[in-house]
Amino acid sequence: MEKFRFLTAGESHGKCLTAIIEGLPSGLEIDIDFINSELSRRQQGYGRGERMKIENDTVEITSGVRFGKTLGSPVTLVVKNRDFESWQKIMSVAPEDITDDRAFSTYRPGHADYAGSVKYNQTDLRNVLERSSARKTAVEVAVGAVAKLLLKELGIAGSSQVTQIGSACCPAEFKDEVEVMRGKGDTVGGKFVVTYKNLPVGLGSYVHWDRGIDGKLAQAVMSIPAVKVVEIGTNPLGYQGSNYHDEIFAKDGEITRKTNNAGGVEGGMTNGQDLVVSGVMKPIPTMKAPLKTVDANTKEETEAHFERSDVCAVEACSVVAEARVAWVLADEILLKYGGDSIEELKKNFNN
Ligand SMILES: Cc1cc2nc3c(=O)[nH]c(=O)nc-3n(C[C@H](O)[C@H](O)[C@H](O)COP(=O)(O)O)c2cc1C
């Protein structure tokens, strides 16, 4: 069940990334500076590659907003790829421009190259790389920023934090960990945590397997490229029931808790505590010191294709996760409270 939905389109080195959002109530103020600041957050973090020096992501809105407010019609967001200037011929849509410039045939382990080329019957692996690349997360962050603007109207705010890079758990050591890996031509992953505060009780449901908010959050975060683990609240491995579950207390007639191991979700619903979702990102699969692989054309063993790449992108990944979680929450809020205008939504919410 979805009230709020979006589709994105665009290749990594194509002209632009596009998103069409449907289901936004009318009258929502769209702060473009805020969307751009979220895009800029995604571009930062220690360990990013050369590409981020070329791109300076900003959003253009081409439908659904007039004089700064949504109309209730579909909203289209466009994020241009500045790098397209150097790739116009290579990414051309015209058949007469066909070229094997920047074509490659050595599968990159850990990427979509092998399975994607079999599935879509491609010999030039560029045809797989271009859409499977995490570049598309730029426009997803713009979509998430719009969801955050809606949440903000209801007093709900989110943040994220990197909690581990490789084996380093202390922020003072993160840069060193990245530098050691860079020096070896290697890469590193890590862990991040997303927190949303001030949520109402009862977003999501236990009545069907596909209505639990935990399942929706897991799908939203797990489907970010390179995320391999999603946790809601504290990882329960090794705990006993007596020290894991959050006991319930009453203070002045209000329900309170002293702990939040459940991460704000019980029975597939928000329980009014802070929502806490963590993710683990694997090490970036493109490496300067290349992995062994096979050439798709010759079927001979060789080394993987290397293309400009990040050494570590956990911080960027946490910003993407924050955006994805915002989307799930905004969708659940619209499902529960409804409203075709922001005024109607607020009225329903405050009731
Ligand atoms: C923000 C972000 C940036 C990324 N940057 C790179 C990169 O520069 N090089 C790379 O090889 N993979 C990068 N990745 C990871 C790959 O996109 C991902 O591992 C690959 O598409 C395969 O998907 P999977 O790991 O989910 O199986 C990035 C992922 C994210 C979320």
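The values are calculated or read from the model by the stated rules, or taken from the named source; none is laboratory data. On a predicted model such as this, the values are computed, not experimentally measured, just so you know. Every residue, glycine among them, receives a Cβ derived from its backbone with ideal geometry; neighbour counts consider all protein chains shown.
Could you run through region 62-76 and say how many residues are among the hydrophobic types (A, V, I, L, M, F, W, C), within 21 Å of Arg5 (Cβ to Cβ) and either touching an Asp or Glu at 6+ places or on another chain (Cβ under 7 Å) or surrounded by fewer than 17 Cβ atoms within 10 Å (Cβ to Cβ) (or both)?
1
I need a count of the residues in region 223-265 that are in a strand (DSSP E or B), among the acidic types (Asp, Glu) and over 30 Å from Thr137 (Cα atoms).
Residues in region 223-265 being in a strand (DSSP E or B), among the acidic types (Asp, Glu) and over 30 Å from Thr137 (Cα atoms): 1 in total.
Sort out which residues of region 130-171 are out of contact with any His (no Cβ under 9 Å at 6 or more places or on another chain), small (Gly, Ala, Ser) and in a helix (DSSP H, G or I), and write them in order of number.
Ala134, Ala138, Ala142, Gly144, Ala145, Ala147
Based on what the data block shows, is Val311 surrounded by 20 or more Cβ atoms within 10 Å (Cβ to Cβ) and not polar (S, T, N, Q)?
It is true that Val311 is surrounded by 20 or more Cβ atoms within 10 Å (Cβ to Cβ) and not polar (S, T, N, Q).
When you check Asp83 against the structure, is it surrounded by fewer than 18 Cβ atoms within 10 Å (Cβ to Cβ) and touching a residue at least 60 places away in the same chain (Cβ under 8 Å), yes or no?
Against the criterion (surrounded by fewer than 18 Cβ atoms within 10 Å (Cβ to Cβ) and touching a residue at least 60 places away in the same chain (Cβ under 8 Å)), Asp83 qualifies.
Could you run through region 195-212 and say how many residues are closer than 22 Å to Asn350 by Cα and surrounded by 13 or more Cβ atoms within 10 Å (Cβ to Cβ)?
9
Looking only at region 90-109, decide whether some residue is closer than 26 Å to Gly190 by Cβ, surrounded by fewer than 18 Cβ atoms within 10 Å (Cβ to Cβ) and either over 23 Å from the mean Cα position of the chain (by Cα) or within 16 Å of the ligand (Cβ to nearest atom) (or both).
Within region 90-109, one or more residues are closer than 26 Å to Gly190 by Cβ, surrounded by fewer than 18 Cβ atoms within 10 Å (Cβ to Cβ) and either over 23 Å from the mean Cα position of the chain (by Cα) or within 16 Å of the ligand (Cβ to nearest atom) (or both).
To keep it simple, each residue is scored yes or no on (1) more than 16 Å from the ligand (Cβ to nearest atom); (2) of a type in the set (Gly, Ala, Ser).
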residue: Asp274; (1), (2): yes, no
residue: Pro285; (1), (2): no, no
residue: Ala289; (1), (2): no, yes
residue: Asp295; (1), (2): yes, no
residue: Lys299; (1), (2): yes, no
residue: Ala304; (1), (2): no, yes
residue: Val311; (1), (2): no, no
residue: Glu322; (1), (2): no, no
residue: Lys336; (1), (2): yes, no
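Mind checking which strands (runs of 3 or more DSSP E) fall wholly inside region 266-341 and carry at least 3 residues that are at pLDDT 95 or above and either within 29 Å of Gly45 (Cα to Cα) or touching a Leu at 6+ places or on another chain (Cβ under 8 Å) (or both)?
275-281
Quick check on Gly49: is it buried (at least 17 other Cβ atoms within 10 Å of the Cβ) and within 15 Å of the ligand (Cβ to nearest atom)?
no
Just name the residue that is nearest to Asp113 (Cα to Cα) out of those in region 223-268 that are in contact (Cβ under 8 Å) with a residue 40 or more places away in the chain and hydrophobic (A, V, I, L, M, F, W, C).
Ala226
Just checking, how many residues over region 110-128 are within 16 Å of the ligand (Cβ to nearest atom) and either assigned to a loop (DSSP other than H, G, I, E, B) or under 18 Å from the mean Cα position of the chain (by Cα) (or both)?
6
What residue, among those in region 44-60 that are in contact with a helix residue (DSSP H, G or I) (Cβ under 7 Å, 6 or more places away or on another chain), at pLDDT 95 or above and of a type outside the set (S, T, N, Q), is farthest from Lys288 (Cα to Cα)?
Val59
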